[in-house]
Amino acid sequence: MKNQESTHITSCTISWENTEDVLSVVTKVLQTEIQVRLYNAGSLIGGRIWPMSEQQKEELYSILYKCIDEWDCDDYSVDEFDCIHWQFKICSQRSCHRTVCGTIEPPPHGTEIKQVLIEIIGEDNLYFF
């Protein structure tokens, strides 16, 4: 984890969009909570905030540090699925350290991220990969 010493992650944002249903969801992982907001045609239709324990934060952020080092490209799209898109940003207070996008396939470590988030917010509130 060469970047962990020089990179301090403060948040990550996962945006998911289904262009056929005009539905989009923004999931923000912050220092102490996870926010999920649902939009229909750009209008906010719902949202919720879940608290995150220190242990959950450490587990999730350790995976995010691996992602910064190990994601080998910026686009994980699969051509056959062009109506569903996701974008994943890992940021500090001053800059965005890594942005990747895709369709239905997760990036490396995406399954691990998904499992941690399912434990916190539940599978019904998860809208990506």
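The values are calculated or read from the model by the stated rules, or taken from the named source; none is laboratory data. Because the structure is a prediction, the values reported are computed rather than measured. We place every Cβ from the backbone using ideal geometry, glycine too, and count neighbours over all the protein chains shown. Ligands, DNA and RNA are excluded from the accessible area calculation, which covers all protein heavy atoms including side chains. Shrake-Rupley method; radii C 1.70, N 1.55, O 1.52, S 1.80 Å.
Points worth noting:
- Couplings 3J(HN,Hα) of the range 10-21, computed from phi: 10, 6, 9, 10, 10, 9, 10, 9, 10, 6, 5, 9 Hz, in residue order, whole Hz [Karplus 6.51 cos²θ - 1.76 cosθ + 1.60, θ = phi - 60°; x for Gly and Pro].
- Gln35-Phe81 FRET efficiency (beta carbon distance; Förster radius 22 Å; 0.05 resolution): 0.25
- Gain on full stretching of the segment that runs from Ser53 to Gln115 - 0.36 nm per residue minus C-alpha separation: 20.8 nm
- Overall form of the chain: oblate. Here a/c, set by the Cα gyration tensor axes a ≥ b ≥ c, is 1.5 or more, and a/b is not larger than b/c.
- Apolar share of the accessible surface for the chain: 45 percent from carbon plus sulfur atoms, 1.4 Å probe.
- 1.4 Å probe accessible area per residue over the range 5-129, in Å²: 54 Å²
- For Ser53, neighbours were defined as the other residues whose beta-carbon sits under 13 Å from its Cβ, and their charges (Lys and Arg +1, Asp and Glu -1) total -4.
- Taking amide H positions as modeled 1.01 Å from N, with prolines and chain starts lacking one, the residues under 5 Å from Gly47 and 5 or more places away or on another chain are Leu38.
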